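Chemist: My questions all concern the structure below.
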Amino acid sequence: MKKTLLLIALLFFSFTASAEPIKLILHHFFVPNDVPQQQMLEPWAKEVERLSNNQVDIVIVPRMGRGGKPKDLIPQATEGKVADIVWTVNTYSGKLFPSSEVFELPFIHRNDPVATNLAIREMFQSDLKKEYDAQNLEVMFLHVHHGHAFLTNRYELRTPDQLRGKRVRIPGRIHKWIAEELGAVTIPTTVRQIPQLLQRNVVDTVLITANIVKPLKMQNHISAMTEGPNGTRFANAVFSVAMNKDKWNSLPSEVQDAFREASNEEWLKKVGQIWRDYEKPGMEQLKTFRKKIIVLNENEIAQWEEALEPVTERWIKDVEKDGIDGRKLVEKAKRLVEKYSNR
């Protein structure tokens, strides 16, 4: 009897050891040879593989290599045919995640992506999860970048009224509202088109992070950058790493546990630091080429906060139509960002 049990055990472990890993495609829009893939996605995927005892093999496909445009990434994950997992910017897909937009509003995020990441994480189960469930998605983790500053060409931006009549490149609908509230003309475009549009004077202002300065050689196309005191930024964008829920449900429980452990609080802290550091070369590039970095004082940033308060009120009214208590989300998000900023 003992020999039989031993034989069964050996056969089981032999089968487990030789079983082919579950192949998962992680599709995203960015280049492969830069920080987001090399320092965030690749280490995360390797950690999942390690924790799962190599039961999964995560294949990263950058630059929309599986087809489609960045706006198609969420639908691709929802359907689960082209990709199993995606990394994307929520706002690329329109208004699919209205509650999560609270972290894109003016001055909810201040200057610390670690704090904002942890605030999002704490709010996820109670306030955000259901909108991802509605898209047939299992979220691995959500994160932000360092935050949006203004990059300007041929002028220096200090006050909100200076944006009136300017042509502003914006990444999403909340950012569109920011520009509209201040009387600017909004021009949505991909990140890669920004240098060409600045060169042709199609836009004179860009709302974006400084990490794009070096790869896009923005020092050749802008005069100045404007941010608030202590690196305060005007807005942000929420990114998702999410899996098709049917695929998730098909995974063994120990593999699911590996994904959860690899996406824990410590990882979110690290992601925040990665994106904070990601800006440093861009900031150095601006200094090297003697571009002006305008740091607003407390009184000046207070003018911006007052001028952009209507954007938050507009959002609150907009999401109320979907049965969302936007004011409650705003208050909670502010409180949690402050909580984690003071840790």
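Chemist: Any idea what the relative contact order of region 170-256 is, in percent, if you count C-alpha pairs under 8 Å spaced at least 6 apart?
Modeler: Averaging sequence separation for qualifying contacts and normalising by length gives 21 percent for region 170-256.
Chemist: What angle do you read, to the nearest 10 degrees and between 0 and 90, between the alpha-carbon axis of helix 253-262 and the longest principal axis of the chain?
Modeler: For 253-262 against the chain, the angle is about 30 degrees.
Chemist: Using the alpha-carbon centroid of each, what span in Å lies between region 323-339 and region 43-88?
Modeler: Region 323-339 and region 43-88 have Cα centres separated by 30 Å.
Chemist: Over the chain, what is the relative contact order in whole percent, taking alpha-carbon pairs under 8 Å and six or more residues apart?
Modeler: Taking the mean separation of contacting Cα pairs over the length of the chain, I get 25 percent.
Chemist: Grab the DSSP H runs of the chain that are 4 residues or longer, score each as -39,500 (n - 2.57), total them, divide by all residues and round the 222 nm result to the nearest 500 deg cm²/dmol.
Modeler: -12500 deg cm²/dmol, from helical runs alone.
Chemist: If you filter region 79-183 for GluC sites (Glu not before Pro), then keep DSSP loop positions with at most 14 other Cβ within 10 Å, what is left?
Modeler: Counting only loop positions with at most 14 other Cβ atoms within 10 Å, the GluC sites (Glu not before Pro) in region 79-183 are E156.
Chemist: Return one number: the angle in degrees, 0 to 90 and rounded to the nearest 10, between the long axis of the Cα atoms of helix 42-51 and the longest principal axis of the Cα atoms of the chain.
Modeler: Approximately 30 degrees, to the nearest ten.
Chemist: Need one number: % antiparallel among DSSP beta bridges in the chain, to the nearest 5.
Modeler: That works out to approximately 50 percent antiparallel.
Chemist: State which entries of K23/K270; K69/K95; K23/K81; K46/K332 exceed 24 angstrom in Cα-Cα distance in the structure shown.
Modeler: K23/K270; K46/K332
Chemist: Which aspartates and glutamates, if any, have their Cα less than 13 Å from the Cα of K287, not counting same-chain residues under 8 positions apart?
Modeler: E279
Chemist: Give the relative contact order (percent, whole number) for region 37-181; include only Cα pairs under 8 Å separated by 6+ residues.
Modeler: About 19 percent, as a whole number.
Chemist: Among S253, N264, I294, which residue has its Cα positioned farthest towards the positive end of the charge dipole of region 248-343, with +1 placed on the Cβ of Lys and Arg, -1 on the Cβ of Asp and Glu, and the dipole taken about the Cα centre?
Modeler: Positive-end residue among those listed: I294.
Chemist: Pick from G94, G272, G323: which is most flexible by mean-square fluctuation in a GNM of the chain where alpha carbon atoms under 10 Å apart are linked?
Modeler: Fluctuation is largest for G323.
Chemist: In debye, nearest 20: dipole of the chain around its Cα centre with unit charges on the Cβ of K, R (+) and D, E (-)?
Modeler: 880
Chemist: Taking R0 as 22 Å, what's the FRET efficiency between K217 and K71 from their Cβ-Cβ distance, rounded to 0.05?
Modeler: 0.25
Chemist: Would you mind checking region 206-231 for residues with the amide N under 14 Å from a putative spin-label position 7 Å along Cα→C-beta of R63?
Modeler: none
Chemist: Then there is this: Specify whether the C-alpha gyration tensor of region 58-155 places it in the rounded, prolate or oblate class, a ≥ b ≥ c being the square roots of the eigenvalues: rounded for a/c under 1.5, otherwise prolate if a/b is larger than b/c and oblate if not.
Modeler: Taking the square roots of the gyration eigenvalues as a ≥ b ≥ c, region 58-155 is oblate.
Chemist: Let me ask something else. Helix 265-278 against the longest principal axis of the chain: what's the angle in degrees, Cα atoms only, rounded to the nearest 10?
Modeler: The helix 265-278 is inclined about 40 degrees to the chain.
Chemist: Work out the P(r) tail for the chain: percent of alpha carbon pairs separated by more than 30 Å, whole number.
Modeler: 38
Chemist: With a 10 Å radius around each residue's Cβ, average the other Cβ atoms per peptide and rank 21-29, 182-190, highest first.
Modeler: 21-29, 182-190
FYI, it's all coordinate maths here, none of it is from the lab. What you see is a predicted model, and the numbers here were worked out from it, not measured in a lab. Counting neighbours? That spans all protein chains shown, and the Cβs are built from the backbone with ideal geometry, glycine included.
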